[in-house]
1. I want the local charge near PHE77. Using Cβ-Cβ distances under 14 Å, sum +1 for each Lys or Arg and -1 for each Asp or Glu among the other residues.
2. Binning every alpha carbon pair distance of region 2-172 at 5 Å from zero, what are the percents per bin?
3. Do any trypsin sites (Lys or Arg not before Pro) in region 39-119 lie in a loop, going by DSSP, with at most 14 other beta-carbon atoms within 10 Å of their beta carbon, and if so which?
4. Express the C-alpha Rg of region 79-119 as a ratio against the empirical globular expectation 2.2 N^0.38 Å, rounded to two decimals.
5. List the residues, sorted by chain then number, that are 5 or more residues from ALA85 or on another chain and whose placed amide H is less than 5 Å from its amide H.
6. Just need the relative contact order of the chain here, percent rounded to a whole number, with Cα pairs under 8 Å and 6+ apart.
7. Which of the lysines could a cross-linker span from LYS57 if the Cα-Cα distance has to be under 16 Å and same-chain partners fewer than 8 positions apart are dropped?
8. PRO43: net charge of surrounding residues, Cβ under 9 Å, Lys/Arg +1, Asp/Glu -1, itself excluded?
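Nothing in this text is a laboratory measurement; each read-out follows from the coordinates by a stated rule. Since the model is a prediction, treat every value here as computed from it, not as a measurement. Virtual Cβ from ideal backbone geometry, glycine too; neighbours counted across all protein chains shown.
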Amino acid sequence: MQHLTPKEYVHSVYHIDLDKLWEDGKRLLLSDLDNTLVGWNHPHVPEELAVWLLQAKQRGFEICLISNNRGDRVQEFAEQSGLAAIAAARKPRPDAFLRAMNQFGRRPEETVMIGDQLFTDIRGGNAVGIHTVLVLPIDRREWWGTRVVRRLEWFAMRSLVKRGLVIPDQSERR
């Protein structure tokens, strides 16, 4: 279960302690898109997210989207948000994670992966040795394939909770 265990589990990207990550030597934030930064297939960058991205960049972080979604969807969002992006990433395969780190000249110990799924985002990030942050999904609407995987994820999450993983209180969600 170690490969599915996130280093942190928070409500949303807005609950990530960017100062602590910076102090720990992290410089590159890799992030999933759908249900991590915005709702599934949401086409626009919400104001709150734009502010968070700006704060992260001003802090010195480089940011890259890594999404399994199709290229046009991811590229459009990347252009709107001013972020680099890797689409059709095939997470949890390591290729996209390694490509992003290479593109930015960063090592695993300088990199963070933020995502809402254990089997893609967290497993993939852990496989290449980067710091992983699991967030609660933004929306219940998802691609049908993700809904199937969520059922399996539920069993894995139960096991992780038994091993001490603390689930964020959903009532405090932003």
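1. Values: positive: ARG70, ARG73; negative: ASP32, ASP34, ASP72, GLU76, GLU79.
Spelling it out: positives minus negatives among the neighbours equals -3.
2. 1, 9, 19, 24, 23, 15, 7, 2, 0
3. Those satisfying the criteria are ARG70, ARG90.
4. Values: Rg = 11.0 Å, N = 41, 2.2 N^0.38 = 9.0 Å.
Ratio of Rg to 2.2 N^0.38 Å for region 79-119: 1.22.
5. Excluding prolines and chain starts, which carry no amide H, the hits are LEU65.
6. Numbers: 297 pairs, mean separation 55.9, N = 174.
Value for the chain: 32 percent.
7. Cross-link targets: LYS20, LYS26.
8. Counting the neighbours of PRO43, the net charge comes to 0.
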